[in-house]
Structures are given as C-alpha cells and as structure tokens.
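> First, the structure itself, so that you have it in front of you.
The values are calculated or read from the model by the stated rules, or taken from the named source; none is laboratory data. All figures in this text were calculated on a predicted structure; none of them were measured in a lab. Neighbour counts run over all protein chains shown; Cβ positions are idealised from the backbone, glycine included. These accessible areas exclude ligands, DNA and RNA; they are computed on the full protein's heavy atoms, side chains included. Shrake-Rupley method; radii C 1.70, N 1.55, O 1.52, S 1.80 Å.
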Amino acid sequence: MQSRFKDKVAFVTGGGSGIGAATAQRLAQEGATVIICGRNKAPLDEVVATIRQQGGNAHAVQADVSNEQAFVTALEQTAQQYGSLDILVNNAMAFTYGAIEDMSTEQWHSNFTTSVDGTFWGTRTAMQLMKEKGGAIVNISSICGELGTPMMAGYSASKAAVVNFSRAAAAEGAAHNIRVNVVVPAVVETPATAGMLSDEGMLNNTNRLIPMGRVGRADELASAIAFLASDDASYITGASLPVDGGRAAVLVTALD
C-alpha cells in the first residue's frame, strides 16, 4: 500500500463503524495519523485496536458531532496535540423515518443537526485550522440527497444541503488550497443497513435496481474518500462523486 498520507493528520467523524471505520482504516494504512470521533467509546476503541494491530496510528475521541462545543473542541485539540489538521471527513449522520404529514418539527430538525450543522461546524473549524498550509475536507452525502426518497424527507433534504454547502465551501477555501468535495453513496453494507439487507427479498430488489447488480461495500466508499483526500485529487474541489454502482445514473432498470 502506498503512503499518500505520510505525516498527515486526519479526523473522521462517525468512525466507530461502517464507512467511517473503513475510511479510518484506509487512511491509516496509507500513513495518516487518524483520529476517529463518535458518541460511543466502545466501537471507537475497537476500530483503533484494529488499526494499531495492522501497524497504523489511530486515536479515539468521544464527542457528539451534534454538539457544537464538543465537536469544535475535539478538532481544535487534535490540531494542537498532533501538530496540524490536514484531512477532515464529515461522515457522521442521523435520520428519522416517516411520512411528512406525520412528522413533527422536532423530528424534522433532528435530521439536520448532525448532517448539516455538524458538517458546517466541522468545515468551518477545519478551514480555520487549515488556512496556513491547506488541506482536504470530504463530506458524505447520500443518493437520497440527489433523488426524492419517500418516508425520508428530512434526511433527503439534509443530504442535499450538504452537497450545495460543500460547493460554497470549496469556492471559499480554494484561495487557501483547502479542497472540499463530496462522496455520494447509495446503499452500502453497514450496520445501519444490516436489518434491511438481511431480508432476502429486499436485498434482491435493491440489487436489481443497481446497474452493477449489488450494493456497495464500506471499503469501496473508503477508497473514493481517500482519493479525494489525497494529492491525487489536487485539482479537484467542489465535486460530488457518486459511488453507487451506477444507481443515480439510471431512471430505472428492467425488473422481471
């Protein structure tokens, strides 16, 4: 494995499982010092232990991304303790499921606190910390932010907001060599989707709607995130990269 991130410090939110954990492992494998953040300490410690067993350098920080002070403090302390903040991956998310007509205002707002407010707080703090030497920010959206998704209006709206916020951040950060890009997954095998994908009928229907015929893996998303975070993407900013097996490229695929 190449060492694209040697001497780099990376901070990954939602790093205790799924895409966040896979991303932390990938960045560490390529030489980064990785700080993973999440609300629950036990899964963070497990990911850190795995990375260290593989010879990587990782540390856990217990902080709720929906809490501005806690999240900002975690980022600032990371830069102070490790000398810099070079990469930020805003991966943490939260969502509610239900019909619009039955959705409370509180439920609606809960979709935005982590995905939108957290992404804003993280990006703002990272831009302040990266201003002198540059850096890379990768925000995670969703196909739900690209296409209308019934019963997930709040989540869909929040993930659409992440995309356009990232474009504005890219425009502002470019003068300081701060790149801001977005990865847009569809259905990925993670603990969050395990219940849905454990149903054979649901899995088969989902696979049939994806041109490549299968759902994604967390490590495949991690590869795309690592690319955008690396100098291989040095002239890419303000981009939204679908990593979805072609799902967003088609109106529908034929179903027998």
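> What are the residue pairs meeting all of these: first residue in the range 165-179, first residue modelled with pLDDT of 95 or more, second residue open to solvent by 70 Å² or more (accessible area, probe 1.4 Å), Cβ atoms under 7 Å, and 6 or more apart or on different chains?
Between residues of the range 165-179 that are modelled with pLDDT of 95 or more and residues that are open to solvent by 70 Å² or more (accessible area, probe 1.4 Å), the close pairs are 165/120; 176/131.
> Okay, next question. Given 71, 120, which one is within 17 Å of the chain's Cα centre (by Cα), aromatic (Phe, Trp, Tyr) and open to solvent by 80 Å² or more (accessible area, probe 1.4 Å)? Break it down stepwise before answering.
Working: 71 fails: open to solvent by 80 Å² or more (accessible area, probe 1.4 Å).
Step by step, each of 71, 120 is checked, and only 120 is within 17 Å of the chain's Cα centre (by Cα), aromatic (Phe, Trp, Tyr) and open to solvent by 80 Å² or more (accessible area, probe 1.4 Å).
> Which number in (1) surrounded by fewer than 17 Cβ atoms within 10 Å (Cβ to Cβ); (2) within 18 Å of residue 137 (Cα to Cα) marks the one condition that residue 3 misses?
For residue 3, the exception is condition (2).
> Let me ask something else. Determine whether the range 129-139 contains at least one residue that is open to solvent by 40 Å² or more (accessible area, probe 1.4 Å) and assigned to a helix (DSSP H, G or I).
The first filter runs over the range 129-139 and keeps only residues open to solvent by 40 Å² or more (accessible area, probe 1.4 Å), leaving 129, 131-133.
The next check asks that each one be assigned to a helix (DSSP H, G or I); those that pass are 129.
So far as the range 129-139 goes, yes, one or more of its residues are open to solvent by 40 Å² or more (accessible area, probe 1.4 Å) and assigned to a helix (DSSP H, G or I).
> Continuing with the same structure: So, of the residues in the range 227-256 that are in a helix (DSSP H, G or I) and touching a residue at least 60 places away in the same chain (Cβ under 8 Å), which turns out to be surrounded by the most Cβ atoms within 10 Å (Cβ to Cβ)?
First, the residues of the range 227-256 that are in a helix (DSSP H, G or I): 227-229, 231-233, 247-249.
Applying the additional criterion that residues be touching a residue at least 60 places away in the same chain (Cβ under 8 Å) yields 228-229, 231-233, 247-248.
On the way: 228: 23, 229: 30, 231: 11, 232: 12, 233: 18, 247: 23, 248: 14.
Filtering the range 227-256 for residues that are in a helix (DSSP H, G or I) and touching a residue at least 60 places away in the same chain (Cβ under 8 Å), the one surrounded by the most Cβ atoms within 10 Å (Cβ to Cβ) comes out as 229.
> For the range 150-161, check the following and say yes or no: at least one residue is modelled with pLDDT under 95 and surrounded by fewer than 13 Cβ atoms within 10 Å (Cβ to Cβ).
Scanning the range 150-161 turns up at least one residue that is modelled with pLDDT under 95 and surrounded by fewer than 13 Cβ atoms within 10 Å (Cβ to Cβ).
> While we're on this one: So residue 207 clears everything in (1) modelled with pLDDT under 95; (2) outside any helix (DSSP H, G or I) except one condition, right? Which one?
Of the numbered conditions (1) modelled with pLDDT under 95; (2) outside any helix (DSSP H, G or I), the odd one out for residue 207 is (2).
> If you go through the range 8-24 one residue at a time, do you hit one that is in contact with a Ser or Thr (Cβ under 7 Å, 6 or more places away or on another chain), open to solvent by less than 70 Å² (accessible area, probe 1.4 Å), of a type in the set (Gly, Ala, Ser) and without any contact (Cβ under 8 Å) to a residue 40 or more places away in the chain?
No, every residue in the range 8-24 fails to be in contact with a Ser or Thr (Cβ under 7 Å, 6 or more places away or on another chain), open to solvent by less than 70 Å² (accessible area, probe 1.4 Å), of a type in the set (Gly, Ala, Ser) and without any contact (Cβ under 8 Å) to a residue 40 or more places away in the chain.
> While we're looking at this one, here's another question. Determine whether residue 224 is open to solvent by less than 50 Å² (accessible area, probe 1.4 Å) and over 27 Å from residue 99 (Cα atoms). Walk me through how you get there before you give the answer.
Working: open to solvent by less than 50 Å² (accessible area, probe 1.4 Å): yes; over 27 Å from residue 99 (Cα atoms): yes.
Here the answer is yes, as residue 224 does meet what is asked.
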